[in-house]
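For reference, the structure is listed below as structure tokens.
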Amino acid sequence: MKYILNEQIALRSWRGVPCAYYIKNDRHAKSLSAEDFLILMSCDGKNEQDPESESIKRLSQVGFIRPAAECEELSEWQKVRFCDNRYMPISEWSITGRCNYNCLHCFMAKDNERLMSEFSWEEMLNLLDEYEKCGIQTFVITGGEPLLHPRFMDLMREISRRGMVVDDILTNGALLTEDIIHKLKDLGLNPLFSISLDGIGHHDWMRGVAGAEKTAMRAIDLCLKEGMRVRVQVCAHRLNLDTMVDTVKLMGEKGVDMIRVIRTSESPRWKENAGDACLSIEEYFDLGTELLTEFAKTGYHSELTVWQFGEYHPHAGVYYFSAVDCSGDEERDLRRPTCTGIRGSMAIASDGEVLPCNRMAGYYAGKGYSFGNAKKGGIRHLLQDSDYLNTITCPVSKVKENPTCSACKYFRYCHGGCRAIALLFYDYTGPDLSKCIFYNKGYYQKARRAFDLAAKGSGREFRCGSPVPELEEELNK
């Protein structure tokens with residue numbers, strides 16, 4: 001009897017991960033045993049298999065394979081692909097630097113359009129070829145404003161045709177229409193829409209466009225009506241603090257899937273337009289504590305993240321702190337990459353520059369340093385042997401070598417923190433000072449006590465999913 005892979009399964013092999021598979025719409029590949037990989041390679045609708053084989057029975061039962069129909073063949077996406085590079089599943093791809101908004105904090109504002117670049121259609125196709133050769137499967141599409149690109153829908157069609165996945169589209173929502181959503185659905189694409197909304201009553205000012213808030217609300221409501229996943233992104237600063245709690249509660253009431261609050265950082269454009277409006281790290285953590293606990297009391301089902309501080313998952317009633325990121329196996333943690341997000345996602349700017357993380361673009365541009373350019377030299381060699389590969393695979397043990405982290409008793413919990421924040425103060429292997437503040441100024445204890453009070457005041461139960469044992473002992477005294 002002939003067997004064939006389930007249509008949701010594709011086989012891949014990389015340096016260091018020789019036997020693996022993707023499930024369509026999953027962000028990450030999963031490992032296989034060499035024996036199962038070889039068997040699955042032969043389940044192509046052409047080769048005869050023994051239906052009584054224990055391996056064939058087992059792989060059929062778990063959904064990897066099924067009996068093949070007459071003349072049935074694997075799709076190009078499903079066929080085994082041997083990638084002569086290190087594993088990389090995701091790319092955060094800025095397809096254009098152009099934008100239709102004049103955001104006060106962003107270099108890619110409309111009034112800088114003459115300085116912006118974008119991918120041509122030929123460059124897009126060339127890069128998609130490279131992505132396929134490297135085994136990259138999933139995309140976060142960003143800009144600028146990605147829907148402003150004249151070939152946006154053509155790109156979506158090409159990604160779908162190749163069996164790839166669009167997991168997330170970052171947009172201001174102004175150009176999002178029912179027609180675009182229907183076309184995406186027809187292509188089998190179901191992206192999360194990350195839509196910006198910087199505070200009730202503040203969004204128009206922040207985005208430099210009259211009616212931007214109304215437009216964002218329309219886009220959010222449209223996505224919800226059409227059954228699309230929605231994450232609302234909120235930039236927090238001193239000038240919109242008074243609306244933060246009401247904003248996240250309104251989004252929870254609407255039923256968005258996720259809300260992410262991000263501290264507006266000290267970019268030159270933001271300082272020019274808003275002066276000293278940036279929150280200090282302490283102010284930001286105070287806001288984070290208030291937002292997480294006030295939102296938890298509401299009973300809304302949206303997930304709330306305060307970037308690099310904490311997150312609340314309402315379905316489980318569990319909250320986590322970003323500064324507690326450990327497995328319990330200290331030796332294993334020291335060997336892992338400094339940032340699993342960076343290790344699993346290749347950032348590519350609209351000019352083709354390849355970056356460990358899009359939040360690092362300003363730092364490396366200011367230094368005049370290039371890891372490589374996807375438009376000029378492709379990306380495959382960067383995942384074979386390069387400074388880019390060395391950077392994204394840099395182990396936690398290297399961060400421990402800096403004097404601040406090596407002397408800190410909490411390093412085994414935070415592992416030095418966020419590399420993008422570390423670059424603001426030191427270098428790639430320096431300390432993330434926000435995590436130092438989290439521990440040294442008692443924000444773990446403050447937030448834990450605030451959640452305990454929220455539980456008593458609301459009658460709900462909240463559990464800390466990232467406990468620090470010695471600090472728990474202090475709280476229990």
Checklist entry - Fully extended, how many nm does the chain gain between residue 30 and residue 186 (0.36 nm per residue separation, minus their Cα-Cα distance)? => result 53.4 nm
Item to check | Helix 281-298 axis, angle to the chain major axis (alpha carbon atoms, nearest 10°) | outcome: 70 degrees
Checklist entry - Between residue 474 and residue 260, 0.36 nm times their residue separation minus their Cα-Cα distance comes to what? => result 74.0 nm
Item to check | Stretch gain in nm, segment residue 48-residue 226, where the contour uses 0.36 nm per residue and the Cα spacing is subtracted | outcome: 59.6 nm
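Let's test the formula: R0 of 45 Å, r as the Cβ-Cβ distance of residue 428 and residue 69. What FRET efficiency results, to the nearest 0.05? Before the final figure, lay out the partial values.
Working: r = 53 Å, r/R0 = 1.17.
Calculated value: 0.30.
Which order do 340, 391 take by accessible area at a 1.4 Å probe, largest first? Walk me through the numbers on the way to the answer.
On the way: 340 95, 391 20 Å².
Reading off the accessible areas and sorting them downward yields 340, 391.
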Checklist entry - Put a dot 7 Å past each Cα toward the Cβ at residue 440 and residue 384; how far apart are the dots in nm? => result 4.5 nm
Next on the checklist: Using only the heavy atoms of the protein chains and a 1.4 Å probe, how would 446, 225 rank by accessible area, largest first?
Outcome noted: 225, 446
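Return the FRET efficiency for the residue pair residue 153, residue 242: r is the Cβ-Cβ distance, R0 is 60 Å, and the value is rounded to the nearest 0.05.
Values: r = 40 Å, r/R0 = 0.66.
For R0 = 60 Å, the calculated efficiency reads 0.90.
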Checklist entry - Just the accessible area for residue 50, please: 1.4 Å probe, Å², rounded to the nearest 10? => result 90 Å²
Next on the checklist: Please compute the modelled spin-label separation between residue 456 and residue 15, points set 7 Å along Cα→Cβ, answer in nm with one decimal.
Outcome noted: 5.8 nm
Checklist outcome for this item: Taking R0 as 41 Å and r as the Cβ-Cβ distance between residue 82 and residue 178, the FRET efficiency 1/(1 + (r/R0)^6), rounded to the nearest 0.05, comes to 0.45
Checklist entry - Using a cut-off of 29 Å between alpha-carbon atoms, which lysines can reach residue 441, once sequence neighbours fewer than 8 places away in the same chain are excluded? => result 249, 271, 297, 398, 400, 409, 456, 477
Item to check | Exposure rank, largest accessible area first [398, 46; 1.4 Å] | outcome: 46, 398
Next on the checklist: Run the helix sum for the chain: -39,500 (n - 2.57) per DSSP H stretch of 4+ residues, divided by residue count, reported at 222 nm to the nearest 500 deg cm²/dmol.
Outcome noted: -10500 deg cm²/dmol
Checklist entry - Taking the Cα centre of the chain as origin and charging only Cβ (+1 Lys, Arg; -1 Asp, Glu), how large is the dipole, in debye to the nearest 20? => result 480 debye
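The values are calculated or read from the model by the stated rules, or taken from the named source; none is laboratory data. Just so it is clear, the model here is predicted, and its values are computed rather than measured. With ideal geometry, Cβ positions are generated from the backbone for all residues, glycine too; neighbour counts draw on all protein chains shown. Note: areas computed on protein heavy atoms with side chains; ligands, DNA, RNA excluded. Shrake-Rupley method; radii C 1.70, N 1.55, O 1.52, S 1.80 Å.
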